[in-house]
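Below is one structure, written out as structure tokens; the observations come after it.
The values are calculated or read from the model by the stated rules, or taken from the named source; none is laboratory data. Please read these numbers as outputs of a predicted model, since none were measured by experiment. Backbone-built Cβ (ideal geometry, glycine too); neighbour counts: all protein chains shown.
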Amino acid sequence: MAGRRETLLFIAGLLFVTQLQAQSHPDLTGSWKQNNDRCVPRQHGEATITITIHDPKLTVEIDSVYGQAPRSHAVKDYNTDGKPAVMKDSEGDEIDTTVAWRDQSLVFSTDEHEDGKIKHSEEVWTLIDNGTALERVRKGFRAGQTQTLIYVRVGAGHADNPSPPRGPISGN
């Protein structure tokens, strides 16, 4: 009887650890500012991404301005459970995006239905530099090109980006 109980406890513990590992994803939540010098190809303009994740709900807010174009602001809601989010772009084209965790990266797989054709692209978001930077690799979005965008975490106090040390206090 004791052997059976130990076996059941072992199996229960194994299931608990497996479930815990499956839910362990990097924390992308926060605001991220594009670092143009680290992007390939190098970027111009400004872009900030604000990410909010309450698995499976994901909200991505993007503020950007490039060249003489007016400032752009967009908020997009996704689920990280692999179910497609269906949206329409400004031209009325249908865009189907599936978002899911792949190892320690968040993967966006997008099909844009335009003029009877389907254009497929993929983005992979991964934390780099000990969690202080977000790498966004885009494939197939523009004539099959690959683009790597790097964003640095904005603000202090995040577990991966603690507040910088303060200088000496002057006065009295």
Would you confirm whether any residue within the range 93-100 is within 20 Å of HIS120 (Cβ to Cβ) and in a loop (DSSP other than H, G, I, E, B)? yes
Test: residue in the range 84-97 that is of a type outside the set (Ser, Thr, Tyr), touching a residue at least 60 places away in the same chain (Cβ under 8 Å) and touching a Ser or Thr at 6+ places or on another chain (Cβ under 9 Å): no
Could you please find all residues in the range 70-92 being closer than 17 Å to GLU112 by Cβ and surrounded by 13 or more Cβ atoms within 10 Å (Cβ to Cβ)? LYS76, TYR78, PRO84, ALA85, MET87
Assuming VAL40 fulfils every condition listed in (1) within 16 Å of THR126 (Cα to Cα); (2) surrounded by 14 or more Cβ atoms within 10 Å (Cβ to Cβ); (3) over 15 Å from the mean Cα position of the chain (by Cα) apart from one, which condition is it? (2)
Close pairs from the range 54-69: first exposed (fewer than 15 other Cβ atoms within 10 Å of the Cβ), partner at pLDDT 90 or above and not in a strand (DSSP E or B), Cβ under 6 Å, at least 6 apart: ASP55/THR80; PRO56/THR80; VAL65/GLY45; VAL65/ARG71; TYR66/GLY45
Of (1) farther than 22 Å from GLY155 by Cβ; (2) loosely packed, with under 11 Cβ neighbours inside 10 Å, ASN130 satisfies all except one. Which? (1)
